[in-house]
Every structure is written in structure tokens, then in C-alpha cells.
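Structure first, then comments.
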Amino acid sequence: MREILSIHVGQCGNQIADRFWRLILREHGLTDQGTPKDGSSAASNANMEVFFHKIRDGKYIPRAVLVDLEPGVIARIESGDMSQLFDESSIVRKIPGAANNWARGYNVEGERVIDQVMNVIDNAVEKTKGLQGFLLTHSIGGGSGSGLGSLILERLRQAYPKKKIFTFSVAPSPVISDSAVEPYNAILTLQRILDHADGAVLLDNEALFRIAKAKLNRSPNYMDLNHIIALIMSSVTASLRFPGKLNTDLSEFVTNLVPFPGNHFFTASFAPMRAPGQEGQVRSNFPDLSRETFSQDNFTAAIDWQQGVYLAASALFRGDVKQKEVDENMASIRKGLNFASYMPAAGGLKIGVAETAPEGFASSGLALVNHTGIAAVFERLVTQFDIMFDNHAYTHWYEAAGVSRDMMAASRDAIANLAKSYRDAS
Amino acid sequence: MKVNNTIVISIGQAGNQIAASFWKTICQEHGIDPMSGMATTQGTPPRGNWSSFFSQLGESNSGSYVPRAIMIDLEPSVIDNVKSTSGSLFNPANLISRTEGAGGNFAVGYSGAGREVLPEVMSRVTYEIDKCDNVGGIIIIHATGGGTGSGFGALLIESIKEKYPEAPVLSCAVLPSPQVSSVVTEPYNTVFALNSLRRTADACLIFDNEALFELAHRKWNIESPTVDDLNLLITEALAGITASMRFSGFLTVEISLRELLTNLVPQPSLHFLMCAFAPLTPPDRSKFEEMGIEDMIKSLFDNGSVFAACSPMEGRFLSTAVLYRGIMEDKPLADASLAAMREKLPLTYWIPTAFKIGYVEQSGISHRKSMVLLANNTEIARVLDRICHNFDKLWQRKAFANWYLNEGMNEEQIVSFRASAQELIQSYQVAEESGAKAKTQDEGTTSTRTHAVDDRRAPSVSLRDLVDRR
């Protein structure tokens with residue numbers, strides 16, 4: 001069975017949910033309401049149970065929990081084309097929002113809703129036979145996804161110590177900031193991801209924006225950015241949903257990608273990036289596809305490629321790709337990647353293939369990598385944190401909501417050490 | 001759908017005139033008839049998250065929509081005028097007036113006639129708060145020059161924060177200008193009110209009539225602008241600031257008052273904000289002329305278009321929020337222009353990410369595309385200094401002081417209020433000095449935290465001393 005429960009928290013987390021489930025429905029030959037389309041072929045070879053719970057009339061309900069402290073985004077999902085898709089009892093929406101303040105999401109508002117959220121999660125878990133773990137989508141710079149997301153991570157780990165927890169975490173971008181207190185929120189959240197998650201894919205809006213802009217030939221909007229995230233999530237989970245040999249469950253991901261405990265922060269890349277509607281038009285040959293998949297410009301976090309090295313990488317090619325092509329090109333792909341010197345010559349890189357390409361694509365590639373240059377993301381946040389913290393900027397909002405300066409400093413030190421451990425692994 | 005609700009309380013002549021114009025504008029934006037409170041399209045609910053600023057009896061779409069408004073004045077004429085020009089829009093119990101007025105005297109509004117009307121007002125506040133799903137914020141619109149807006153405004157904010165310490169309170173304070181002045185004791189009233197605004201309000205947004213007069217004159221080409229013209233400018237800004245509380249959706253997420261405060265107030269004592277609006281096209285021309293996105297952003301940060309008589313580009317920006325309206329497709333362009341503008345701004349080094357961006361699809365009434373800037377800028381000290389300077393001139397000779405002493409204030413109290421205003425000015429001066437410090441000091445390694453503040457040449461008051469000061 002090996003079911004996975006997705007938990008979407010906050011505005012960003014739920015906007016991603018909207019894109020993600022649309023994509024998953026189509027890949028599994030389901031309508032927006034969760035009923036099988038006629039003559040669908042995808043549904044037959046897939047392991048539907050991983051992401052869906054089937055009810056009597058043949059309808060599939062996503063194994064998803066939607067949580068937000070502001071009702072706007074979820075209300076739009078509930079009133080849109082997918083209005084009949086989600087189980088009403090798996091949606092928690094509350095007011096008044098966390099006001100960009102991690103401490104409000106974690107303490108003040110979080111405490112009010114966490115029991116209900118955990119209840120909903122427990123109920124969803126009860127509908128599984130052999131749950132393998134959780135996916136959490138959220139942003140770490142805001143208030144709800146970061147603060148309440150952190151609280152959920154802690155409680156999940158407590159309640160399900162043996163299950164794997166993966167997060168898709170949208171990190172503050174180096175250029176565009178969404179709020180003044182992002183560095184605080186991000187550091188406080190990253191520490192919980194470090195302590196309680198098994199793996200985290202960091203996604204940075206700035207990188208997504210750059211990727212989208214280069215490929216779409218127009219100014220991208222947030223939908224485009226979330227669509228890229230959805231494509232990545234769909235491909236990361238494809239090996240769990242469709243027959244294949246590599247990374248068939250979340251534990252295998254962790255084993256393959258995490259060489260040292262705590263160094264479980266990944267960056268991802270998806271190829272080919274095409275404007276919606278044009279995905280199928282160009283059939284890339286395999287060397288081009290793999291080159292684009294591992295192109296540095298194509299990754300979704302602001303990685304320091306110069307100073308860092310690869311610790312581990314997994315790639316999944318989907319659709320019209322032959323295992324033979326992969327085998328022939330394996331050595332040259334590996335050679336193009338700057339692996340840590342202590343990795344054995346053939347180690348570190350795992351490549352799999354899956355028959356079913358994402359909807360509309362002839363073939364696609366996904367890379368999920370653990371690169372020490374991710375330290376740059378943490379270092380930048382720690383530097384910003386320090387300047388603000390040392391000058392007592394904005395800390396009163398956190399103290400007023402029950403998060404002391406000591407608690408903030410502890411998170412900061414944990415993330416500074418994380419950055420250092422990545423640098424040391426280079 | 002449950003949303004955050006905002007209550008708007010207007011006090012005194014200017015406050016109520018602005019509020020009347022504000023409610024008329026947002027009624028139009030939501031598609032609510034400003035005379036009857038009915039939805040203008042029969043049978044369909046108003047546009048956007050109407051329930052953030054309006055309440056409704058029952059669940060049906062047939063009833064009328066009632067502004068979450070309380071209007072108070074110690075004299076009857078403005079409230080009577082609101083009653084006679086707004087049909088059945090407002091709940092009459094929330095329109096509270098008395099006959100005597102405050103005589104342009106803070107002390108009357110704060111302790112005399114103000115105390116007498118307070119119980120009635122607080123019972124209406126409680127009534128409105130009880131109707132809310134959640135109190136997203138309380139906006140107080142008042143002028144600080146007269147007696148009611150300053151005195152009763154201060155008293156009411158203190159009373160609300162005492163009873164509801166959790167509710168975020170934003171004071172929108174109109175500062176007096178000699179050009180449109182009606183009361184000679186304005187500097188006294190303003191300085192006295194500032195003490196309360198500083199200690200009890202969560203933030204105070206300054207609308208400086210001195211600057212607004214110039215704006216109406218230069219940008220709107222009005223020979224001698226009247227108070228009505230200035231209030232129209234304030235209405236545009238207020239409609240823009242509240243837009244993201246009133247219209248939110250899938251991509252345009254709500255920015256609650258609390259969220260604005262989180263971003264705009266880096267330390268409790270530094271909570272005096274200023275704003276700017278673009279485009280400043282004359283209202284009669286806005287139908288025919290449209291300003292480009294880049295020009296709008298340039299205009300927002302132009303010293304000549306901020307709603308306070310000071311030069312923000314000469315001071316330091318502590319934090320900034322820019323709220324767009326009606327420019328969804330142009331958002332990337334706006335973001336890019338804003339990022340370019342950011343490079344030119346005098347920012348504060350210890351607040352590296354001081355930008356909050358919000359956007360709302362729904363256009364305003366007079367402009368298809370518009371934007372508002374909210375800024376916490378150290379130049380506010382210059383505005384406050386101007387008021388204090390005028391105060392000092394009068395106080396030197398104790399001119400008009402007898403009016404306050406007769407109403408129960410004593411000299412010691414007056415001196416302490418004046419000192420409180422000076423402390424506020426000083427806080428911003430400290431913030432300005434500290435913001436200019438070179439960045440190099442903090443570019444050390446990330447694993448050893450630098451204690452920048454300790455190493456510096458210590459000014460007489462340091463940033464750390466500001467933390468607990470209020």
C-alpha cells in the first residue's frame with residue numbers, strides 16, 4: 001500500500017496544493033472531481049492508493065490535509081473546479097492569520113488550532129493501511145506556513161516517530177522579500193525542519209522566477225512559479241506512484257540522498273521547462289534532456305556552485321526514455337557533476353526511469369540533489385538574522401507572542417552550525 | 001466565510017469628514033449603495049470581502065450592509081451633516097454627538113466633556129467588537145489640532161487598549177498646518193495627543209496637512225485648496241491601505257493590519273508612519289490620463305509627494321510597504337521597478353529586508369491603477385520637530401496656557417508631555433544615526449556572531465535603550 005499523506009499549510013502551501021493536485025489528477029486519469037476519465041490508461045498501471053483514498057462510488061479522494069489561518073486561498077480552491085475533490089473534514093481554515101509572525105503561527109494561533117489539525121491528520125492516517133510518511137508544503141518566510149508548519153512538524157514527529165517526513169519548503173528569495181521579518185521566520189522554521197523532518201526540498205521564488213522567465217518568454221506570475229513546484233513534486237513522487245526500480249519509497253530517498261545526519265536539504269530541477277500547452281511539442285533527445293536536467297541554471301535554490309560539491313544526486317527520467325540510453329550516458333553525466341572527493345567513482349548518483357511522463361510531456365527529467373553549496377542559502381539568512389537581531393529589530397513582536405530572544409538565538413546557532421557542517425563536507 | 005473585521009472610529013470634525021468620505025468611497029468599491037446600504041446589484045452580495053468593513057443582519061443577500069463605523073464629536077454640526085447626507089447607511093446609535101464642543105482644547109476632550117461621553121462610546125465599541133468574527137484592527141481617524149480629535153482621541157485609544165489589549169489599534173492622525181488652520185492652540189493639542197499616541201497606539205499614521213496643502217496645490221493645480229481637497233487625498237490613501245484587507249483571493253492574499261504592523265514597526269517606540277499615493281493625477285483628469293508603472297513608483301518615493309512635510313529621501317527608511325491596486329499583469333514590471341528603486345533608497349543597514357509588497361486586483365474608484373507607500377522613515381522627526389517648535393514659541397510666553405490650566409492640567413504635566421514628544425523625536429534621531437553605520441562590521445563569518453552595537457562609539461542614547469522606551 002505505502003500511502004503518503006500530504007499536508008498543505010498556509011497560503012503558499014495551499015496555492016501549491018492547488019497546482020499539485022491538478023497535475024496529479026491528470027497523471028492518474030482522473031477528472032477534477034476525482035472520478036476516473038473514460039478510457040484512461042494512466043490509472044491502470046499506477047499505484048492509486050499512494051495518494052488517493054477510494055470511496056464506494058469509485059471516486060478517489062486525495063490523501064491531503066489543507067490548513068490555513070487565513071481562509072482566502074482555501075476558499076478559492078473549494079469554490080473552483082476542484083470544489084468536489086477534497087474531503088471537507090480534512091480542511092482546517094481559521095482566522096485571523098499569523099501576521100507574518102512565526103511566533104503567532106507557532107504559539108498564539110497555532111495552539112488554538114493544533115489539536116484540531118492533529119485530529120484531522122490522525123483521521124486521515126486511520127484510512128491508510130501502511131503509511132510510509134508525510135509530505136508538507138509551506139513557505140518558511142511567512143507566518144502560518146512557517147510557524148504553524150513548525151508546530152505541525154514537531155507534533156507529527158512526536159505522534160509518528162517512525163514515519164518519514166518530507167517538506168517542500170519555499171525559502172525567502174535573495175532579491176525579492178515578501179516581508180521584513182523573513183529571516184527570523186525562516187531560521188526558526190529551518191531549525192524545526194532540521195530537527196524533525198527527514199528531507200526538505202528548498203525552493204526559492206527568485207530562482208523559480210528566473211527559470212520561468214527564461215523558458216516562458218514572458219513575465220511569469222505566481223501561478224507559473226507554483227506550476228514549476230508542482231511539476232517537481234509530481235516527479236519526485238512519480239517513483240512512488242508508478243512502477244520503477246529507483247526510490248520506490250521515501251526511506252530509499254533518504255538512504256540515497258543523505259550521507260550525513262542533518263544534511264537533508266535538497267535542491268531540485270525539472271526539464272524540459274516549456275510554456276503551458278507547448279510541453280509536448282519538442283521531444284528532447286536524451287543527452288539534451290539530461291544536460292538540461294543537471295544545468296545549474298535550472299535548480300530552484302540559490303546554490304553556491306563554485307565553492308560546493310555534490311554529496312548525492314538522484315535523477316528520474318519519465319516518458320519516452322530508454323533504460324539503455326540512461327546506461328550509455330550515465331558515466332558522462334556523473335563526470336559532469338563535481339562530487340565530493342571522498343565519494344567512490346560510481347557512487348552518489350542514482351538514475352531511474354518511469355514510463356509515464358507528466359501530462360502533456362513526451363519525456364521529462366528531474367534531478368534531486370544534495371549539494372554543499374546550499375550552505376550559501378543558510379549563511380545569507382543567518383547574516384540577515386544577525387544584523388537585525390543584534391539591533392533588536394522586530395524582536396518585540398516575537399517576545400510578545402511568547403518566543404524569547406534566547407529561543408531565537410538557539411535556532412540561529414543551529415542553522416549556522418548546519419551551514420558549517422555543509423561547508424565542512426565539501 | 002469568516003474574515004478579519006476592522007472597526008473604523010472617527011473623532012472630531014476632521015476625523016468625521018474624512019470618515020464620511022472614506023465610507024462613501026469604499027461603499028462604491030464594494031458595490032454598496034452609500035445611501036441605503038443595499039447591494040447595488042440586487043440579489044448578489046457586494047464585491048470582495050465586504051464583511052471585513054461591513055456587517056449584515058442575518059445571512060440573506062436581501063438585507064442592508066452596515067459599516068463597522070463609530071462616529072463621535074463633542075459638537076453636533078458634522079455628525080448632523082453625516083446623518084442628513086448618508087441616508088440609512090449608518091447605525092444611528094453609532095453616531096454620537098454632544099452640543100458643547102471641546103473649544104479647541106485637548107483638556108476638555110480628554111478629561112471634561114470627553115470623560116462624560118466615554119461610557120456611551122465604549123459601549124458602542126464593545127457592541128461592534130462583539131459582532132466581529134475576529135477583530136483584525138481598529139482604525140481611529142482623528143485630527144490632533146482641535147480639542148475633540150486630540151483629547152477624546154487620546155482618551156479613547158487609552159480606554160480601548162486597556163480593555164482590549166490584543167486588538168491592534170492604528171491611529172490615523174491629521175497634523176495641523178497654519179495654512180488650513182482653524183485653532184490657534186493646535187501645537188498644544190498635538191503635543192499632548194502625541195504622548196498618548198506614543199504610549200498606547202500600536203502605530204500612528206501621520207497625515208500632515210502642511211504637506212497635503214502643497215500636494216493639492218501643486219499636483220492637483222488647485223489655487224487655494226480647501227479642507228475637502230485635503231480630505232480627498234487622505235481618503236485615496238486610506239482606501240488603498242485598506243484595500244488588501246477588503247479584497248483578497250487566491251493570489252492576492254490579505255494583508256491584515258497586524259501583518260502591516262509586524263512589518264512596519266521594528267521597535268515599539270518607532271511606530272510613527274507616513275504614506276504616499278500615486279498617481280497624483282487631478283481627480284477630474286484621471287479618467288483620461290494614466291501614469292506608467294515606473295513613474296508611479298518614482299513618484300511614491302519622491303520627496304514632493306509624501307503626505308508629510310519632510311524629505312524621506314534625506315532621512316532613513318526603517319521599513320516600507322508598497323501596496324498595488326489594479327495592476328496584476330504589470331506586477332513583475334512593478335516588482336522590477338521597485339527593486340531598482342530600492343537600490344537608490346537610504347535604507348537602514350540593520351533592517352536588510354524592509355520591504356512588504358501587497359497587491360489587490362480590484363481597482364480604486366478614481367484610478368484604474370494606483371499604489372500606496374507606507375513608510376517608517378526617520379524624517380518624521382522633522383515633522384514632529386516643527387510642531388514642537390510652534391509649541392515652544394507659545395509656551396515660552398505661556399500664551400493660551402490658561403485654557404488648559406483652567407481645565408485641570410498643571411504646568412508639570414504640560415512640561416512632561418512636551419518632554420515626551422522630545423523623546424520620540426530623539427528615538428528617531430538615534431535610529432537615523434544608527435542606520436547609517438557601515439555594513440562592513442557585520443560581514444564577518446556566520447558562525448561567530450558579531451555584537452555590532454557594543455563595538456560602536458556609543459551615542460548618548462543607543463538603539464538598545466530604545467527597546468523598552470515608550
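Once label points are set 7 Å from the Cα along Cα→Cβ at both B:GLN426 and B:LYS398, what is their separation, rounded to one decimal in nm?
My value for the distance between the label points is 2.6 nm.
What list of whole percents do you get for P(r) of region B:84-124, with Cα-Cα distances grouped in 5 Å bins up to the one holding the largest distance?
5, 20, 25, 19, 16, 12, 3
Semi-axes, largest first, in whole Å: what does sqrt of 5 times each Cα gyration tensor eigenvalue give for region A:335-426?
Listed largest to smallest, the semi-axes of region A:335-426 are 39, 20, 10 Å.
Separation of region B:218-286 and region B:146-160 by C-alpha centroid, Å?
Centre-to-centre distance over Cα atoms comes out at 23 Å.
Gaussian network model of chain A, Cα springs within a sub-10 Å range: biggest mean-square fluctuation belongs to which of A:ASN263, A:ASN47, A:ASN285?
A:ASN285
List the aspartates and glutamates whose Cα sits under 17 Å from the Cα of B:LYS331, skipping any in the same chain fewer than 8 residues away.
Counting by Cα, and skipping residues close in sequence, B:LYS331 has these aspartates and glutamates nearby: A:ASP178, A:GLU206, A:ASP224, B:GLU254, B:GLU290, B:GLU294, B:ASP295, B:GLU361.
How fast does region A:273-383 diffuse by Stokes-Einstein, in µm²/s, taking the Kirkwood radius from C-alpha pairs at 10 °C and 1.306 mPa s?
After rounding, the answer is 105 µm²/s.
Normalised by the number of residues in chain A, what is the relative contact order in percent for Cα pairs under 8 Å and 6+ residues apart?
That works out to 17 percent.
Roughly how many nanometres apart are two label points built 7 Å out from the Cα toward the Cβ at A:SER426 and A:GLN323?
3.9 nm
Could you work out the mean projected area of the convex hull around the alpha carbons of region B:32-148, in square nanometres to one decimal? Show your work: numbers first, answer last.
Numbers: hull surface 31.5 nm².
Its average projected convex-hull area is 7.9 nm².
If every alpha-carbon in region A:76-173 counts as one equal scatterer, what log10 I(q)/I(0) does Debye give at q = 0.21, 0.25 1/Å?
Those come out to -1.23, -1.39, one per q.
Taking all pairs of distinct Cα atoms, average 1/r, flip it, and tell me the Kirkwood hydrodynamic radius of region A:313-375 in Å to one decimal place.
12.8 Å
Can you grab the distance from the C-alpha centre of region B:60-91 to the C-alpha centre of region B:12-42, Å, no decimals?
Cα centres, region B:60-91 to region B:12-42: 9 Å.
I'd like to verify something in chain A: which complete DSSP H helices, judged by Cα projection on the helix axis, reach 20 Å or more and average at least 0.0 on the Kyte-Doolittle scale?
Helix filter hits for chain A: A:222-241, A:375-390.
How big is the Cα convex hull of region A:201-259 in projection, averaged over all directions, in nm²?
5.0 nm²
I need the calculated FRET efficiency for the pair B:GLU289 and B:SER84, taking r as the beta carbon distance and R₀ as 41 Å, to the nearest 0.05.
Between B:GLU289 and B:SER84 the formula returns 0.70.
Kirkwood hydrodynamic radius of region B:56-124 from all distinct Cα pairs, in Å?
Kirkwood radius, region B:56-124: 13.4 Å.
Roughly how many whole Å is it from the C-alpha centroid of region B:110-130 to that of region B:306-349?
Region B:110-130 and region B:306-349 have Cα centres spaced 39 Å from each other.
So what is log10(I(q)/I(0)) for the protein assembly as shown at q = 0.07 1/Å, when the Debye sum runs over its Cα atoms only?
Evaluating at q = 0.07 Å⁻¹ gives log10 I(q)/I(0) of -0.58.
Report the convex hull volume per residue for region B:151-209, counting only C-alpha atoms, in Å³.
66 Å³
Dipole size in debye (nearest 20) for region A:118-197 around its Cα centre, Lys and Arg Cβ +1, Asp and Glu Cβ -1?
Here the size comes out at about 440 debye.
Taking only Cα atoms of region B:25-82, what ratio of Rg to Rh do you get with Rh as the Kirkwood inverse-distance radius? Kindly include the intermediate steps, with their values, before the conclusion.
Working: Rg = 12.8 Å, Rh = 12.3 Å.
Rounded to two decimals, Rg over Rh is 1.04.
At q = 0.13, 0.18, 0.25 Å⁻¹, what is the log10 ratio I(q)/I(0) for region B:195-241, with the Debye formula run over Cα points and no solvent?
So the normalised log intensities work out to -0.37, -0.61, -0.87.
With viscosity set to 0.692 mPa s and temperature to 37 °C, compute the Stokes-Einstein D of region A:60-109, Rh being the Kirkwood radius across alpha carbon pairs; µm²/s, no decimals. Spell out each step's value before the answer.
On the way: Rh = 11.8 Å.
Rounded, D is 277 µm²/s.
Computed from the mean reciprocal separation of all distinct C-alpha pairs, what Kirkwood hydrodynamic radius does region B:218-287 have, in Å?
Computed over region B:218-287, the radius equals 14.5 Å.
If you project the alpha carbons of region A:1-91 onto their three principal axes, what span does each projection cover, largest first, in Å?
39, 27, 22
For a distance above 14 Å, tell me the whole-number percent of Cα pairs in region B:117-162 that qualify.
It works out to 54 percent of all Cα pairs.
Over all alpha-carbon pairs of chain A, lay out the pair-distance distribution in 20 Å bins, whole %, shortest bin first.
Once binned at 20 Å, the Cα pair distances of chain A give 28, 60, 12, 0.
Above 19 angstrom, tally the Cα pairs of region B:97-241 and express them as a % of all pairs, no decimals.
Tail of P(r) above 19 Å: 55 percent of Cα pairs.
With charges set only on the Cβ (+1 for Lys and Arg, -1 for Asp and Glu), what does the dipole of the protein assembly as shown come to about its Cα centre, in debye to the nearest 20?
That gives the protein assembly as shown a dipole magnitude of about 1600 debye.
Which value in nm describes the separation of the simple spin-label points at A:SER89 and B:THR126, placed 7 Å from the Cα toward the beta carbon?
So the two model labels end up 4.1 nm from each other.
Using the Cα centre of the protein assembly as shown as origin and beta-carbon charges of +1 (Lys, Arg) and -1 (Asp, Glu), tell me which of B:PRO312, A:LEU250, A:GLY308 is placed farthest towards the positive end of the dipole.
With unit charges placed on the Cβ atoms, the residue in question is A:LEU250.
Could you tell me the largest-minus-smallest coordinate of the C-alpha atoms of region A:178-312 on each of the three principal axes, in descending order and whole angstroms?
For region A:178-312, the Cα extents along the three principal axes come out at 44, 44, 31 Å.
Give the whole-number value, in cubic angstrom per residue, of the convex hull volume spanned by the C-alpha atoms of region A:95-245.
Convex hull of Cα atoms, per residue: 136 Å³.
In region B:384-429, what is the volume of the convex hull around the alpha carbon atoms, normalised per residue and reported in Å³?
Hull volume over Cα atoms, normalised by residue count, gives 66 Å³.
Can you tell me what percent of all Cα-Cα pairs in region A:126-205 are more than 16 Å apart?
Tail of the P(r) past 16 Å holds 47 percent of the pairs.
From zero outward in steps of 10 Å, how is the percent of C-alpha pairs of chain B spread across the bins?
The calculated distribution, bin by bin, is 4, 21, 31, 27, 13, 4, 0.
Summing Lys, Arg as +1 and Asp, Glu as -1, what charge do residues with Cβ under 15 Å from the Cβ of B:LEU338 carry, B:LEU338 excluded?
Numbers: positive: B:LYS298, B:ARG325, B:LYS331, B:ARG342, B:LYS344, B:LYS356, B:LYS369; negative: A:ASP178, A:GLU206, B:GLU294, B:ASP295, B:ASP302, B:ASP330, B:ASP335, B:GLU343.
Here the charged neighbours net out to -1.
Projecting each Cα onto the charge dipole of region A:83-232 (Lys/Arg +1, Asp/Glu -1 at the beta carbon, about the Cα centre), which of A:TYR222, A:ALA99, A:SER144 comes out farthest on the positive side?
Positive-most Cα among the choices belongs to A:TYR222.
Pairs to check: B:LYS287/B:LYS369; B:LYS24/B:LYS83; B:LYS2/B:LYS369; A:LYS37/A:LYS245. Give those whose C-alpha atoms are more than 19 Å from each other in this structure.
In this structure, B:LYS2/B:LYS369; A:LYS37/A:LYS245 exceed 19 Å between Cα atoms.
Measure of size requested: the Rg and Dmax of region B:321-385, with Cα atoms as the atom set and Å as the unit; please supply both.
Computed over the Cα atoms of region B:321-385, radius of gyration and Dmax are 13.9, 42 Å.
No lab work stands behind these numbers, since they all come straight from the coordinates. Predicted, not measured: the structure shown is a model, and the values here were computed from it. Note: ideal-geometry Cβ built from the backbone for every residue, glycine included; neighbour counts use all protein chains shown.
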